[in-house]
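The values are calculated or read from the model by the stated rules, or taken from the named source; none is laboratory data. Quantities reported herein were computed from a predicted structural model and do not represent experimental measurements. Please note: Cβ atoms are built from the backbone with ideal geometry, for glycine as well, and neighbour counts cover all protein chains shown.
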Amino acid sequence: MVVGGGIVGLACARALLLRARSRGHSHLRLAVLEKESALASHQSHRNSGVIHAGIYYKPGSQRAQLCAQGARTMYEYCEKFNLPVKKVGQ
């Protein structure tokens, strides 16, 4: 069971299901509990939708590196699943 239907809770739920299926446990089920009437009602709902490149952080810092890595991963994910995404400023 995952408590919270925001972006973190849903991402965790997805990761748990993918891990279970990759290990041959496709019969397992998972519940996501959310107190609101809809998913992503709070901070996740207010997300700007911008994929940050990490340019606002100190060059070479862990934060900048993780941000850049996350952006690359997000673009790869969108491409893999044919999700629309715009790359601006390139």
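Points to keep in mind about this one:
- Among residues of the range 5-58 being assigned by TED's automatic domain parsing to the domain that holds Tyr77 and modelled with pLDDT of 90 or more, the one that is surrounded by the fewest Cβ atoms within 10 Å (Cβ to Cβ) is Lys58.
- Cβ-Cβ distances below 8 Å connect the following pairs, each with a first residue in the range 1-15 that is of a type outside the set (Ser, Thr, Tyr), a second residue that is exposed (fewer than 15 other Cβ atoms within 10 Å of the Cβ) and in a strand (DSSP E or B), and a separation of six or more residues or different chains: Met1/Leu33; Val2/Leu33; Val3/Leu33; Gly4/Leu33; Gly5/Leu33; Gly9/Val3.
- Condition met for Ala64 (surrounded by 10 or more Cβ atoms within 10 Å (Cβ to Cβ), part of a helix (DSSP H, G or I), small (Gly, Ala, Ser) and without any contact (Cβ under 8 Å) to a residue 12 or more places away in the chain): yes
- Residues of the range 78-90 include none that is within 14 Å of the chain's Cα centre (by Cα), surrounded by 10 or more Cβ atoms within 10 Å (Cβ to Cβ) and of a type in the set (Val, Ile, Thr).
- All conditions in (1) out of contact with any Asp or Glu (no Cβ under 8 Å at 6 or more places or on another chain); (2) assigned to a loop (DSSP other than H, G, I, E, B) hold for Ala71, with the sole exception of (2).
Yes/no matrix, rows are residues, columns are (1) free of Cβ contacts under 8 Å to residues at least 60 places away in the same chain; (2) over 20 Å from Gly89 (Cβ atoms); (3) assigned to a helix (DSSP H, G or I); (4) polar (S, T, N, Q):
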| site | (1), (2), (3), (4) |
| --- | --- |
| Arg21 | yes, yes, yes, no |
| Leu28 | yes, yes, no, no |
| Ser37 | yes, yes, no, yes |
| Gly49 | yes, no, no, no |
